[in-house]
1. Helix-only estimate, please: 222 nm mean residue ellipticity of chain B, summing -39500 (n - 2.57) across DSSP H runs of length 4 or more and dividing by its residues, to the nearest 500.
2. So for A:MET546, B:MET156, what's the accessible-area order with a 1.4 Å probe, most first?
3. Roughly what % of Cα-Cα distances in segment A:434-495 sit above 20 Å, to the whole percent?
4. Using Cα centres only, tell me the gap between segment A:276-348 and segment A:193-254 in whole Å.
5. Using a 7 Å offset from the Cα along the Cα-to-Cβ direction at both A:GLU153 and A:GLU85, what is the distance between the two label points in nm, to one decimal?
6. Quick one: accessible area per residue over the protein assembly as shown, 1.4 Å probe, rounded to a whole number of Å²?
7. Between B:ASP256 and B:ASN122, what length comes free when the chain is fully extended (0.36 nm per residue of separation minus the Cα-Cα distance, one decimal in nm)?
8. Could you compute how much accessible surface B:MET12 exposes when probed at 1.4 Å, giving the result in Å² to the nearest 10?
Amino acid sequence: MDKQSETAISTTPSIEKAAGHLKATGLAVPVGNGLTAVLCLYLGSVYQLAVLRALGQYLLLLTGLLFMIRLLLGMKAELAEAMAEKTASAPEDKESEDSDEESNQPDKVQTVIDKIEDFAAGLRNYFNAVFALIVGIYCVSTYSTTGAPAVAEKTALGLGLLCLVFAFVSLTVSRYYAEQPKAEFPEVQGLGYWYKLGVWIFMIAAVSLFMRGLKFPMWEAAICKIITIFIILLVAEMLARAVGAMFSPKQTYDKITIKIDFLFLRILVSKANPVSSFFESLEEYFGINLKSTWALDFAKRSLLPIAVLLALVGWLCTSLVMISLTEQGIHERFGKPVSREPLEPGLHLIYPRPIDRIVRVPVHRTNVMGIGYEEAVVGASMLWTKAHAAEEYSLLIGDGRDLVSVNAELIWRVGDIYEYLYGSQNPEETLKVLAYRVLLKETVDKNLDGVLSENVETFCDRVRDAIQKEAEGHHLGIEVTAFYLKGLHPPIDVAPDYQAVISAQVDKVTRIINANVYREQTLPMTRAEALWAVNGALAQKNTRLMEAKGEAIKFTTLEKQYSVSPELFRMRRRMETLEKTLKMKPLYIIDDRIEGVGGSLWIDMRSGARSEF
Amino acid sequence: MFKNITRILAGMAVVGVMIFYVATFQVEEGRMGIVTRFGRPVHVVKEAGLCWKWPFPFERVLIVDGRRMTFNTRHTEMLTRDKKNIILLSYAVWRVDDPLKFYQSIGSYEGANSKLDGLVTNAKINVLGKYDLSALVSTNEGDLKVDGIEDEILEMVVDQAKEKYGIIIEQVGFKRLSLPEDNVKYVFAQMRAERAQYAARHRAEGEREASKIRSETDLEAARIRAEASEEAARIRGDAEAEAANIYSDAHQLDPDFFEFYRSMESLNQIIGGQTTLILRTDSAPFSFLKSKNP
């Protein structure tokens, strides 16, 4: 018990001092730190400045550690109070009821001691580990997000100033901690390191913000990445220490601290400038002493002259300008062109930057400007009825009753570089409007049929010449190489009806052809019929004549016979005829004397019948 | 000693650079500068080159771009005199003539563009209200007055721009003439109707031609047939006539004989089939039935 109280008494000064520190700084430091961290993060997200975000992350990490230290200090202060009470009340109760008092008082002290030891074994490590993990994940997730900063130059300058102010505050705090006795307040060294590094980081951030404010945001992303990597290294070490502490043997209450003098910090800030602190760490850990090497000495001596020489050479480099194959340049002195003649490709020697400048323009490259549409569909075919651009303009023509769509391309290049650079602010836009104007004038006095039936080649040549003339009139310094019509057609909505007219024309021809076919079929057939009829008649005629002729010959032959002996012939002939005609016919022969007197009525001359004379 | 000289030289260089940076300014070709002392304009620089001024708190320089600028007015729908709705897209080419007035009245290019937009659009509406649509688009070239209208609009705006804003408007031009979307639908309908008309006409012409050919063909065919019949009849007639001639030629030789002969032939033909004949015995050969003498 005595031993205990003795040891308790022997460690009282540090604990009292701790209590003193606590009273002195209280919550100011952790809260102030936390607020600064939040401010940096907020500003970083509002202005999309990655540098401020990295700052915020660093300060956040520190805030966590500060809260832990604050807790520990609080507990140590409690312990100091308890011990003070004990020592205050111990002499009075020494005589009577020793055993009773002693059994009570150590309880209070013991509970606090237990509390501290539990804190060291549990909350401190878990909190450190988890907090480190959270911040680490945050850092890693924002490592590669580089959004475009949305900050005006003046705001960037202001933020840079703010960072300088914080750097100054950080310097003050680190100085304050540097003066505290380390033996009594072990965390002080670590805090000093953190704030010293904070100074460096704030200053670097300020410089990068100033650079942005002066329109040179070149290394900002790199700086930010470096800071983030460093924070991740610190997080890793914090995590490692917390996990290590979980598995290390339990410490006694008086030895419990929160070690925050991390290795990575010590490497950079144990001495006033990072280089010498790096060398000191090297010596401490690896035993390599570089401080007195000749190389280092030389490097130190020649650093300044070399830096100056490099700056000078860099400055003089701006006096050598290379103009590449497709470009031409204008030589400006103090902003005024030295001559109107452009400089040809090659290497040119001029006075360095603020005095002379060469402005380069790609002159030989031809550019294509689309006219009459927006956003061509890549690879689309130029069909009248299929859309080949997102939006095609319809030109009003034909007394306001026709609409036509024109798809054209204007090929141009920079002709006179002086006029191109100093004549207009937007020569390309001017060229475009002039092209539209020329197109308007060319089409406005025609109707759709007139436009569609124009000779495309002469139309394009005319338009190109007109645009060139306008461009010269406006001193654009642009040369129009060609104007191509890619498509000239009625608006897509009505194109099918135009195609239908052609179909109707074809239809007309088809009908006429069909009628001709009918004609070609009918007439020959009719002629054939006619021929057949006539030939039939001729054949009949022949037959008839032959008949007649035969009859005639027969007659004349018989007549000759007749003329030899007419009566005989007559009789013979008559008999022959009667024979022929009366043969086998029923005959009734009546005696002619019946009409006179006494004659028989019937004489049947047929065979089988009797005859009477 | 050497080090001192170097240090002095370096110091002088740094001071020189600082002075150069702070007390001079460059005006690039095509730009103009306004030098103000505590806000009060002191001096306007219109030529490019290097100029001197007192450093920052005393004098400041504002750079104004004096090059030509083309901007497109926004789409506005307007009425012509004959109450036709059109959208006339136009543009204006302008440049800063008096940088001081420009900066004091407007101060920025966006502001200038929007003020000019208002000015030009106003003038456009006024001027176009005096012309028919045929002045803008017509197949009769004499009606077109596009240039004249552009000049009129320019006249209306150029003085105002110069006096109020220190800007010279060099040109106001028309880019494109088109119709409001609703009107476009109707124009399309009209174009379609017109095209349908042409198509119908072509078809009708075709039909007419075809039927003409067909009817001509039928006519021709009938004519051919008629001619043929006529010819055939004529031939037959000829044949009969000739046959008659042949007969009569032959029969002229002996008319009596012909009578006889012909009668005999007729008897041959007439008496056929089931003819029942009643004859007398007073002609041969039946007279021989009475006696052996005729």
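1. Numbers: 7 runs with 156 residues, N = 294.
-18500 deg cm²/dmol, from helical runs alone.
2. Numbers: A:MET546 120, B:MET156 90 Å².
Sorted by accessible area, descending: A:MET546, B:MET156.
3. Working: 563 of 1891 pairs.
Everything past 20 Å amounts to 30 percent.
4. Between the Cα centres of segment A:276-348 and segment A:193-254 lies a distance of 29 Å.
5. 6.6
6. So the protein assembly as shown comes to 56 Å² accessible per residue, rounded to a whole number.
7. Numbers: separation 134, 0.36 × 134 = 48.24 nm, distance 12.74 nm.
The B:ASP256-B:ASN122 span can extend by a further 35.5 nm.
8. Estimated to the nearest 10 Å², B:MET12 gives 120 Å².
The values are calculated or read from the model by the stated rules, or taken from the named source; none is laboratory data. Since the structure is predicted, the reported quantities are computational estimates derived from the model, not experimental observations. Don't worry about glycine lacking a Cβ; one is built from the backbone with ideal geometry, like all the others, and counts go over all protein chains shown. The area values use the complete protein model at the heavy-atom level, side chains included, leaving out ligands, DNA and RNA. Shrake-Rupley method; radii C 1.70, N 1.55, O 1.52, S 1.80 Å.
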